[in-house]
Amino acid sequence: MTVVKNTAESAAEAETAALLIRGTGARATPARVRVLRLLRMAPAALTHHEIEQAIGDLPVDRVTLYRVLDWLVESGLAHRNADAQRVFRFSAAAIGEHSAHTHFRCEDCGRVFCLDAAPPAPPSLPEGFSLSHLELDLRGRCAGCTGEHR
């Protein structure tokens, strides 16, 4: 998957990614900045392999990339979800968002799309239960697979 933006947009997005990373109290390493920038610019969630291919010019080995992705998820800057084939896909979290998030999963191509719609309110929980997060996965066919591209 290729994400093409002009140089000014790309530089601004890199600076935004660095600021978000520093906002967690962590160092904005080149690998973290590049991966977060890529996730923020991507139109849909990406697999580890797609991310690895997209940052091929940055000398990052697979283990480092896994660590960066894990760190971004743990820091609340990215989401990790398994698709229908049980392949993890990563997407950038909305700024300030750490919990409720809705996804649409295409049953044909396996792509995962982040939606702006928040999931419904959780049901009442029994006494003593504590909800840590709520996710809603919608499943069906994306516009690319139905042939209804806009």
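Read-outs throughout are calculated quantities, based only on the coordinates presented, and are distinct from any laboratory measurement. Keep in mind that what you see is a predicted model, and the values were worked out from it rather than measured. Note that we place each Cβ from the backbone using ideal geometry, even for glycine, and neighbour counts take in every protein chain shown.
Length gained on full extension, SER10 to VAL63, computed as 0.36 nm times the residue gap minus the Cα-Cα distance: 16.5 nm.
Residue by residue, the stretch 106-111 carries 3J(HN,Hα) couplings of 7, 6, 8, 9, x, 5 Hz when phi is fed to the Karplus relation 6.51 cos²θ - 1.76 cosθ + 1.60 (θ = phi - 60°); x denotes Gly or Pro. Its relative contact order, with pairs defined as Cα atoms under 8 Å and 6+ residues apart, puts the chain at 18 percent. Taking amide hydrogens as placed 1.01 Å from N in the peptide plane, the amide H of THR47 sits under 5 Å from those of PHE90, each at least 5 positions away in sequence or on another chain. When each of ARG27, ARG67 is scored by the number of other beta-carbon atoms lying within 10 Å, the sequence from fewest to most is ARG27, ARG67. Between GLU135 and ALA94, full extension at 0.36 nm per residue minus the direct alpha carbon distance yields a gain of 13.3 nm.
Only helices enter this figure: runs of n ≥ 4 DSSP H residues, each worth -39500 (n - 2.57), summed and divided by the residues of the chain, yield -10500 deg cm²/dmol at 222 nm to the nearest 500.
Largest GNM mean-square fluctuation across LEU36, LEU69, LEU58, computed for the chain with C-alpha springs under 10 Å, falls on LEU58.
Across the chain, the convex hull enclosing all Cα atoms gives 143 Å³ per residue. Among GLY23, GLY76, GLY128, which one shows the highest mean-square fluctuation when the chain is modelled as a Gaussian network with alpha-carbon springs under 10 Å? Of GLY23, GLY76, GLY128, the Gaussian network model singles out GLY128 as fluctuating most. GNM remark for the chain: springs join alpha carbons under 10 Å apart, and the peak mean-square fluctuation among LEU46, LEU131, LEU77 falls on LEU131. Residues VAL87, VAL73 in ascending order of nearby Cβ atoms (within 10 Å, fewest first): VAL87, VAL73.
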